[in-house]
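Okay, structure first, notes after.
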Amino acid sequence: MGQRKLSSVVCPNCKRPVKPQECNRKALSKRYVLVTYCCPRCGAELLTEHLEIA
Ligand SMILES: [Zn+2]
């Protein structure tokens with residue numbers, strides 16, 4: 001629920017493919033959260049996405 005499989009992305013810091021890990025989650029409203037995914041190796045922010053809460 002509210003989770004989705006992410007494919008690997010190349011971390012700009014590590015210069016290698018990593019699996020983004022959820023590192024921050026912020027409620028935008030009752031229905032939406034803004035989820036931030038970070039590099040598990042260095043912690044750099046890789047991507048953010050809006051998720052609808054089921
Ligand atoms: Zn990294």
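Looking at the stretch 13-23, which of its residues are under 13 Å from THR48 (Cα atoms) and open to solvent by less than 80 Å² (accessible area, probe 1.4 Å)? If you could, list the steps in order and put the result at the bottom.
Step one: of the stretch 13-23, the residues under 13 Å from THR48 (Cα atoms) are 20-23.
Those that are under 13 Å from THR48 (Cα atoms) and open to solvent by less than 80 Å² (accessible area, probe 1.4 Å): PRO20, GLU22, CYS23.
Kindly provide the set of residues from the stretch 24-43 that are open to solvent by less than 70 Å² (accessible area, probe 1.4 Å) and touching a strand residue (DSSP E or B) at 6+ places or on another chain (Cβ under 6 Å), ordered by number.
Filtering the stretch 24-43 for residues open to solvent by less than 70 Å² (accessible area, probe 1.4 Å) gives 29, 33-40, 42-43.
Those that are open to solvent by less than 70 Å² (accessible area, probe 1.4 Å) and touching a strand residue (DSSP E or B) at 6+ places or on another chain (Cβ under 6 Å): VAL33, LEU34, VAL35, THR36, TYR37, CYS38, CYS39, PRO40.
Looking at the stretch 1-12 only, could you name the residues that are at pLDDT 95 or above and surrounded by fewer than 13 Cβ atoms within 10 Å (Cβ to Cβ)?
VAL10, PRO12
Residue-wise test of (1) within 9 Å of the ligand (Cβ to nearest atom); (2) in contact with an Asp or Glu (Cβ under 9 Å, 6 or more places away or on another chain).
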| site | (1), (2) |
| --- | --- |
| SER7 | no, no |
| GLU22 | no, no |
| ALA27 | no, no |
| LEU34 | no, yes |
| PRO40 | yes, no |
| GLY43 | yes, no |
| LEU46 | yes, no |
| HIS50 | no, no |
| ALA54 | no, no |
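The values are calculated or read from the model by the stated rules, or taken from the named source; none is laboratory data. What you see is a predicted model; the values in this text were computed from it and never measured. Cβ coordinates were reconstructed from backbone atoms using ideal geometry, including for glycine residues, and neighbour counts include every protein chain displayed. Protein only, heavy atoms only, side chains kept; ligands, DNA and RNA dropped before computing areas. Shrake-Rupley method; radii C 1.70, N 1.55, O 1.52, S 1.80 Å.
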